[in-house]
Amino acid sequence: MAKTNSPVLTYRGFRGPAGGRATVIHPPQEWRGSTQQTCGLWPFTVGAGAPKIGVPMGRHLMTGASLCCDPLSWFMRAHFISNPSAFILGKPGLGKSTIARRWAIGYDHMGINTMFLGDVKGEHVDVVRALGGQVIAIGPGKGSINVLDPGGALGSLHRVSGAKRDELHTIIQNRRGNMVRALITISRGSRPSERERNILSACLDVLDERFGDKPPLMSDLLQVLREAPAPVRAVAVDRGDLQRYQAVTEGLESSLISLSGPGLMGDLFSHHTSEQIDPTRPVVFDISAINEVDQSVRAAALMACWDAGFCAVDVNHLLATAGLEPLLRYFLVLDELWSALRSGPDMVERVDQVTRLNRSFGVGQALISHTMSDLLSLPEESDRMKARGFVERSGMVVCGGLPQKEIPLLNSAISMSQTEASMLASWQDPPSWDTKAGVEAPPPGRGNFLVKVGGRPGIPFHLDLTAAELHVNDTNKLWHEEA
């Protein structure tokens with residue numbers, strides 16, 4: 001049989017001269033539908049190229065398919081990730097916080113309460129109000145927070161007894177000690193010595209015996225230190241000499257004075273908490289009244305808000321296991337992570353202790369920072385390693401536009417392909433100038449993100465805002481001209 005020279009049909013077209021073979025095939029647009037709607041379109045229906053479990057986020061940048069994702073759904077329902085947490089990275093102005101607000105809206109419909117534990121710009125206030133949540137203002141003339149009664153936990157001590165009461169008491173004491181040490185570290189710029197830590201622990205034990213279920217104040221802790229009770233003098237190793245005791249505790253006394261007297265730190269932490277968390281609603285701690293120049297005060301407020309939120313979750317879980325309250329699910333957002341980490345030595349350890357929760361069902365968290373440089377520019381190598389661990393341990397990492405120099409740093413925590421790296425770098429390009437309108441166009445990478453889970457290929461998508469979301473995502477209200 002004679003051999004023919006007929007062209008060969010491939011998936012790129014006919015191969016051969018004049019065959020019209022294409023070197024690049026653009027993927028077709030994808031549309032989502034139920035099996036009942038699309039059954040008549042066989043064989044043109046296929047499995048989705050992007051996950052459909054979770055909060056709707058936008059469309060895949062390559063295929064146009066809709067993407068659904070969030071840490072809790074991918075942990076509980078899809079089992080894509082091993083823990084319900086996310087780390088969000090990206091340059092300012094590209095929409096990092098919008099990701100968290102979209103999740104908050106989706107979680108509200110799932111019955112999950114979102115806590116924005118420290119909003120330095122007031123940009124999460126509108127979405128919490130729209131969801132019927134609680135806005136707690138912290139700052140000069142706005143409100144204060146008592147770190148010796150974290151999350152109002154002392155009010156729940158009388159509701160439990162036996163082992164449950166001991167567990168809650170231990171939670172409160174551990175969080176008290178951690179926060180007082182953190183505030184002293186931020187205030188003085190150096191960590192307390194081992195002797196000072198022992199003295200603080202002894203003072204807190206004496207304070208607990210005196211006040212029990214009633215919340216003490218920072219001035220009460222200072223008073224205990226000044227009174228020099230026997231248990232405190234024993235750990236101070238004053239050899240029975242009161243003057244030696246006063247010399248040993250002079251630096252600690254000075255630090256507690258700054259936290260319990262007049263001044264920015266004292267105003268924030270020397271009074272009873274102005275408004276306790278309502279654990280049944282979404283909540284935001286609005287600390288935008290704290291001036292950006294006062295970085296140490298802002299970092300201290302962030303730490304205190306984080307501690308209060310996590311302790312409120314601890315209390316709910318403990319009361320639920322005792323059959324006293326329904327078990328609630330929470331999503332905790334910690335924004336501006338870099339501010340707390342840079343506020344003093346050993347702060348990575350303090351943040352890790354504040355945010356450490358048991359792997360309780362239904363609790364997720366998101367950490368938000370600008371770049372990996374924020375985490376890896378800490379002065380001590382041990383802190384840098386721990387900070388990188390925040391990214392490595394996250395169930396998912398969501399990246400917006402990043403400078404090219406950030407890619408190797410990001411690669412040290414998660415695996416990135418060259419294509420993904422180039423994509424992230426292109427999203428951080430500056431916006432163009434619209435000469436006709438006389439204004440700057442939106443940045444080309446605004447709303448573009450890459451979802452990374454372990455070593456899997458990333459999922460690039462564009463976050464589409466609905467008309468109902470526009471007013472709660474406007475972070476430039478103060479720049480609008482009055483009509």
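Things worth noting here:
- Applying 1/(1 + (r/R0)^6) with R0 = 60 Å to the Cβ-Cβ distance of Ser190 and His109 gives a FRET efficiency near 0.80.
- Equivalent-ellipsoid semi-axes of segment 260-307, from the Cα gyration tensor, Å, largest first: 20, 14, 8
- Pairwise Lys count, the chain - Cα closer than 15 Å, eight or more residues apart or different chains: 5
- The packing ranking of peptides 154-167, 189-202, highest mean first, is 189-202, 154-167, where packing means the average number of other beta carbon atoms within 10 angstrom of each residue.
- Per residue, the chain exposes 48 Å² of solvent-accessible protein surface, assessed with a 1.4 angstrom probe and all protein chains in place.
- Per residue, the convex hull spanned by the Cα atoms of segment 377-437 amounts to 120 cubic angstrom.
- Between segment 299-315 and segment 213-270, the alpha-carbon centres lie 23 Å apart.
- Remark on His271: its backbone amide H falls under 5 Å from those of Ile145, a criterion applied only to residues 5 or more positions apart or on other chains, H modelled at 1.01 Å from N.
- Full extension of the chain between Gln243 and Ala163 gives 24.7 nm of extra length, using 0.36 nm per residue less the Cα-Cα distance.
- Here the Karplus curve 6.51 cos²θ - 1.76 cosθ + 1.60, taken at θ = phi - 60°, turns the phi angles of segment 189-195 into couplings of x, 8, 6, x, 6, 4, 5 Hz, with x standing for Gly and Pro.
- Per atom type, the chain shows carbon and sulfur on 53% of its accessible surface, probed at 1.4 Å.
- For segment 183-252, the residue among Val224, Val235, Ser187 whose Cα projects farthest onto the positive side of the dipole built from Cβ charges is Ser187.
- Under the Karplus curve 6.51 cos²θ - 1.76 cosθ + 1.60, θ = phi - 60°, whole-Hz ³J(HN,Hα) for segment 312-321, x wherever Gly or Pro sits: 4, 5, 4, 5, 4, 5, 5, 5, 5, 5
- Tilt relative to the chain, helix 381-392 - C-alpha long axis, 0 to 90 degrees, to 10: 50
- Amide H contacts of Gln134 (H built 1.01 Å from N, under 5 Å, at least 5 apart or other chain): Val283, Val284
- Computed from the alpha carbon atoms alone, the convex hull of segment 47-190 holds 198 Å³ per residue.
- Full extension of the chain segment joining Arg342 with Thr419 gains 24.5 nm, where the gain is 0.36 nm per residue of separation less the Cα-Cα distance.
- Dimensions of segment 163-240 based on its C-alpha atoms, expressed as ranges along the principal axes with the largest first, amount to 36, 30, 22 Å.
- On the principal axes of its alpha-carbon atoms, segment 230-387 has extents of 53, 44, 32 Å, going from largest to smallest.
- Rounded tilt (10° steps) of 218-227 against the dominant C-alpha axis of the chain: 40
- Helix axis angle, 96-110 relative to the chain longest principal axis, alpha carbon, degrees: 90
- Near-label residues of segment 121-158 by backbone N, under 14 Å of a point 7 Å along Cα→Cβ of Asp278: 128-137
- Bridge type composition, the chain - antiparallel percent by DSSP, nearest 5: 40
- Spatially, segment 394-428 and segment 78-135 are offset by 22 Å when compared through their Cα centroids.
- Across segment 229-279, Cα-Cα pairs more than 17 Å apart make up 54 percent of the total.
- Estimated [θ] at 222 nm from DSSP helical runs (n ≥ 4, -39500 (n - 2.57)) normalised by residues in the chain, nearest 500: -12000 deg cm²/dmol
- Chain lengthening between Asp294 and Arg21 when straightened (0.36 nm per residue, less Cα-Cα): 91.9 nm
- The equivalent ellipsoid of the chain has semi-axes of 51, 24, 22 Å, largest first, where each one is the square root of 5 times an eigenvalue of the Cα gyration tensor.
The values are calculated or read from the model by the stated rules, or taken from the named source; none is laboratory data. Just so you know, these numbers come straight off a predicted model, no measurement behind them. All Cβ positions, glycine included, derive from the backbone under ideal geometry; neighbour counts span all protein chains shown. Ligands, DNA and RNA are excluded from the accessible area calculation, which covers all protein heavy atoms including side chains. Shrake-Rupley method; radii C 1.70, N 1.55, O 1.52, S 1.80 Å.
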